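**Student:** Take this structure first; my questions come after.
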Amino acid sequence: MRMRLMLVLCAALALAVGVISGSSATTVTIGQIRPQFIAKADRLCAKLNVRFHRALGKFPFQDFDAFHPDLKTLPLVGKHFAKALPIRRAIPAELRGLGEPATGKQAWDAIRSLALQENAAGIKQVSVALASNQKAFVATVNQIHRLHNSAGGKATAAGFSKTSACGQTF
């Protein structure tokens, strides 16, 4: 349970770009994104991961259960996650700054959309945690988990690997 909690919390913290991961593949099939764009996205993801790590450090509430949050600890979790809000708020512009891939535009649009939804849920998660809203917090945990899985599946199908800086985020 603790490992699953950490994965969910990491997904919540992992910026929206976390759905992107690098690939060393040289063959591009229909619907896949070219390795050059994947590498560009992975560089951004690596930079953002460093920013998140600097802002948040190690999660300080080892016994926190995201599916059954303690009312006393929940606002402290919100305060901790709030340290990364400036990074989260910059993510949409950072993703736009990547531009569009030469191939796999439809796949990229789907991945980016899910990533932005996950990021928005992460922002909401901070406010509901600060407000000690257990029900809404658990809803964001479930939403982030669902978006994370969907985006990861689409990213893999589009040619992204799980072994890059972005892929290791989740």
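**Student:** Quick check on the range 75-95. Is at least one of its residues modelled with pLDDT under 95, loosely packed, with under 14 Cβ neighbours inside 10 Å and farther than 23 Å from ALA155 by Cβ?
**Tutor:** No, there is no match, as no residue in the range 75-95 is modelled with pLDDT under 95, loosely packed, with under 14 Cβ neighbours inside 10 Å and farther than 23 Å from ALA155 by Cβ.
**Student:** Here is a follow-up. Filter the range 54-74 down to residues that are touching a residue at least 60 places away in the same chain (Cβ under 8 Å) and touching a Ser or Thr at 6+ places or on another chain (Cβ under 6 Å) and give me whichever is surrounded by the fewest Cβ atoms within 10 Å (Cβ to Cβ).
**Tutor:** LEU71
**Student:** Next question. Kindly evaluate ALA107 against the criterion of being surrounded by 19 or more Cβ atoms within 10 Å (Cβ to Cβ), within 30 Å of GLN36 (Cα to Cα) and of a type in the set (Gly, Ala, Ser).
**Tutor:** In short, yes.
**Student:** Kindly provide the set of residues from the range 108-139 that are closer than 26 Å to ALA158 by Cβ and among the polar types (S, T, N, Q), ordered by number.
**Tutor:** Selection gives SER113, GLN117, ASN119.
**Student:** Select, from VAL17, VAL8, the only residue that is in contact with a His (Cβ under 7 Å, 6 or more places away or on another chain), at pLDDT below 90 and either of a type outside the set (Val, Ile, Thr) or within 26 Å of LEU85 (Cα to Cα) (or both).
**Tutor:** Just one listed residue meets the conditions, VAL8.
To keep it simple, each residue is scored yes or no on (1) in a helix (DSSP H, G or I); (2) modelled with pLDDT under 95.
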residue	(1), (2)
ALA102	no, yes
SER127	yes, no
VAL141	yes, no
HIS148	yes, yes
THR163	no, yes
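**Student:** A follow-up question, please. If I filter the range 116-134 for residues that are touching a residue at least 24 places away in the same chain (Cβ under 8 Å) and closer than 18 Å to GLY31 by Cβ, do I get at least one hit?
**Tutor:** For the range 116-134, residues touching a residue at least 24 places away in the same chain (Cβ under 8 Å) and closer than 18 Å to GLY31 by Cβ: absent.
**Student:** With respect to SER113, is the statement that it is under 24 Å from ALA90 (Cβ atoms), more than 10 Å from the chain's Cα centre (by Cα) and surrounded by fewer than 22 Cβ atoms within 10 Å (Cβ to Cβ) true?
**Tutor:** It is true that SER113 is under 24 Å from ALA90 (Cβ atoms), more than 10 Å from the chain's Cα centre (by Cα) and surrounded by fewer than 22 Cβ atoms within 10 Å (Cβ to Cβ).
**Student:** Does any residue in the range 30-53 that is under 16 Å from ALA155 (Cα atoms) come within less than 9 Å, Cβ to Cβ, of a residue that is assigned to a helix (DSSP H, G or I) and of a type in the set (Asp, Glu) six or more places away or on a different chain, and which pairs are these?
**Tutor:** Close Cβ pairs satisfying both conditions: LEU44/GLU94.
The values are calculated or read from the model by the stated rules, or taken from the named source; none is laboratory data. All values reported here derive from a predicted model rather than from experimental measurement. Ideal geometry is used to build each Cβ from the backbone, glycine not excepted, and the neighbour counts take in all protein chains shown.
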